[in-house]
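Asker: Take a look at the following structure, please.
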Amino acid sequence: MLLSRRNVKEGWNEYLEKGKTPEQAKKERSRWIKIYDLLSSVTTALVLVFIIFTFVCRPTSVVGSSMVPTLQDGDWLLTIPKSEYNYGDIVIITQPNAFNEPIVKRIIATEGQTVDINFVSGQVFIDNQEIKEPYINELTRRSGDVTFPLVVPKGKVFVMGDNRMHSTDSRSTDIGFIDTRYILGRATVRILPFGDMNIYDNFKQGEG
């Protein structure tokens with residue numbers, strides 16, 4: 001036999017009123033209504049958090065010093081997936097690599113662009129134009145096993161860490177070009193450590 005909502009409500013009221021004065025029953029009912037409202041609010045909040053962190057943005061931790069001075073080891077970021085990524089974006093990459101873990105790097109060039117690096121002067125050129133990089137820790141004087149100049153293939157990007165002398169990135173075949181399908185998202189806000197929140201916007205090419 002199926003119970004109607006009305007029967008359930010009447011049965012619940014009868015339970016609350018059993019052995020109690022009308023005033024006591026009223027207080028008991030009020031207490032349970034508050035508990036129900038609290039549980040309902042908590043459940044709604046948890047569902048919203050799940051939806052936001054699954055489909056809108058995700059928290060990601062920074063491991064290592066390759067993005068110093070912009071990011072520090074142990075920082076936590078909120079990342080947002082994008083349909084298109086540009087020069088200057090700080091991105092979280094899940095593409096399989098020699099380290100077997102996600103990495104955080106900055107996009108330096110996108111598909112079709114030519115990248116060249118003068119490892120003596122530390123200058124980086126995109127399509128024969130030197131780019132200004134106010135975010136780097138040191139000039140780019142560390143090379144890898146990749147030969148320059150090179151053209152970024154379709155659907156891929158060229159990335160480097162801001163800590164150029166201590167970053168393994170697209171200069172090395174251990175990382176190589178990054179397929180954009182393996183980019184989890186762009187870092188938008190540093191949420192931890194507390195008191196050091198920062199918002200990250202991408203740099204326009206050549207911007208100082």
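Asker: Among the residues of region 61-94, count how many are buried (at least 18 other Cβ atoms within 10 Å of the Cβ), on the phi < 0 side of the Ramachandran plot and in contact (Cβ under 8 Å) with a residue 60 or more places away in the chain.
Answerer: Residues meeting the conditions: 16.
Asker: What single numbered condition from (1) touching a strand residue (DSSP E or B) at 6+ places or on another chain (Cβ under 6 Å); (2) not in a strand (DSSP E or B) fails to hold for VAL159?
Answerer: (2)
Asker: Mind listing whichever residues of region 84-130 are of a type in the set (Gly, Ala, Ser) and either in contact with a Lys or Arg (Cβ under 6 Å, 6 or more places away or on another chain) or outside the structural domain of ARG190 (by TED's automatic domain parsing) (or both)?
Answerer: GLY122
Asker: From the residues in region 136-150 that are more than 12 Å from THR110 (Cα to Cα) and in contact with a strand residue (DSSP E or B) (Cβ under 6 Å, 6 or more places away or on another chain), which one is surrounded by the fewest Cβ atoms within 10 Å (Cβ to Cβ)?
Answerer: Top of the filtered list is PRO149.
Asker: Take the residues in region 107-135 that are touching a Gly at 6+ places or on another chain (Cβ under 7 Å) and under 20 Å from ILE183 (Cβ atoms); name whichever of them is surrounded by the most Cβ atoms within 10 Å (Cβ to Cβ).
Answerer: So the residue we want is ILE107.
Listed here are the residues, each with its yes/no results for (1) touching a Cys at 6+ places or on another chain (Cβ under 6 Å); (2) part of a strand (DSSP E or B); (3) over 24 Å from PRO193 (Cα atoms); (4) not charged (D, E, K, R).
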{"residue": "SER65", "(1), (2), (3), (4)": "no, no, no, yes"}
{"residue": "PRO69", "(1), (2), (3), (4)": "no, no, no, yes"}
{"residue": "GLN95", "(1), (2), (3), (4)": "no, no, yes, yes"}
{"residue": "GLU101", "(1), (2), (3), (4)": "no, no, no, no"}
{"residue": "VAL124", "(1), (2), (3), (4)": "no, yes, yes, yes"}
{"residue": "GLU133", "(1), (2), (3), (4)": "no, no, yes, no"}
{"residue": "ASP169", "(1), (2), (3), (4)": "no, no, yes, no"}
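Asker: Out of ASP127, ASP116, which single residue is at pLDDT 95 or above and touching a Pro at 6+ places or on another chain (Cβ under 8 Å)?
Answerer: ASP116
Asker: Follow-up question, since we're still on this one. Which of the residues spanning region 151-176 are in contact with a Phe, Trp or Tyr (Cβ under 8 Å, 6 or more places away or on another chain), surrounded by fewer than 19 Cβ atoms within 10 Å (Cβ to Cβ) and under 13 Å from GLU111 (Cβ atoms)?
Answerer: PRO153
Asker: Looking at this structure, is PHE194 at pLDDT 95 or above and assigned by TED's automatic domain parsing to the domain that holds LYS105?
Answerer: No; evaluated as a whole, the condition is false for this residue.
The values are calculated or read from the model by the stated rules, or taken from the named source; none is laboratory data. Computed from a prediction, not measured in an experiment: that's the story for all the values here. Glycine gets a Cβ as well: all are built from the backbone with ideal geometry, and neighbour counts include every protein chain shown.
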